[in-house]
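J.: Below are the C-alpha cells for one structure; questions will follow.
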Amino acid sequence: MSNPNTSYTTIVSAADVRASNLVLHPSTLREGRSHVAAERANLFVAFALWIAKAQTARSRRTTLASLLELDYARLEDLGISRDDLIQAMAANAQAGPILHAIRARNSSV
C-alpha cells in the first residue's frame, strides 16, 4: 500500500487490517499473504503439539495409576515400591527417568 506523502511502500498484514478496521483492496494484501499463511500454519502446528503433549501426559498418568493398582509383590518384582510411584507421579513429566533411576538403584543393592 503506497503512502501518498512518502516514497516508500508499507507492508500491511491481515492482523493490522483487523486491528485498525480498515478495508483494503485484495491487491494490497498480496505482500503480506505469505506471512498470514505462515502464521496460520504455525498456529496449527502449535495446537497439534499442545494436543500431543496433553495426550502424552494423560498416557503417563494412566500408566502410573495402573501401576499403583498392582500388589506389593509385583511392584517388588519390578524393583519399585508404592512410595517410588507416588514420588514419580509428583515429578510429572520426569516420572520415567525417576522410576528408571530407582529401579537401577534397587537392583544394585
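What follows is calculated from the coordinates using simple rules that are stated; it is not laboratory data. Everything quoted here is computed from the prediction, not taken from an experiment. Note that we place each Cβ from the backbone using ideal geometry, even for glycine, and neighbour counts take in every protein chain shown.
J.: Find how much the distance from residue 66 to residue 101 grows on full extension, using 0.36 nm per residue of separation minus their present alpha carbon separation; answer in nm with one decimal.
T.: Here the segment from residue 66 to residue 101 would lengthen by 10.6 nm.
J.: So which GluC sites (Glu not before Pro) in the stretch 35-88 end up in coil per DSSP with only 11 or fewer other C-beta atoms within 10 Å?
T.: 69
J.: Between residue 52 and residue 91, how high is the FRET efficiency from 1/(1 + (r/R0)^6) when r is the Cβ-Cβ distance and R₀ = 30 Å? Nearest 0.05.
T.: The formula returns an efficiency of 0.90 here.
J.: By how many nm would the segment from residue 108 to residue 82 lengthen if fully extended, with 0.36 nm per residue of separation less the alpha-carbon distance?
T.: Computed gain between residue 108 and residue 82 is 7.5 nm.
J.: Mind checking which of 72, 89, 108 is farthest towards the positive end of the stretch 51-108's charge dipole, using Cβ charges of +1 (Lys, Arg) and -1 (Asp, Glu) about the Cα centre?
T.: Going by the Cα projections, it comes out as 89.
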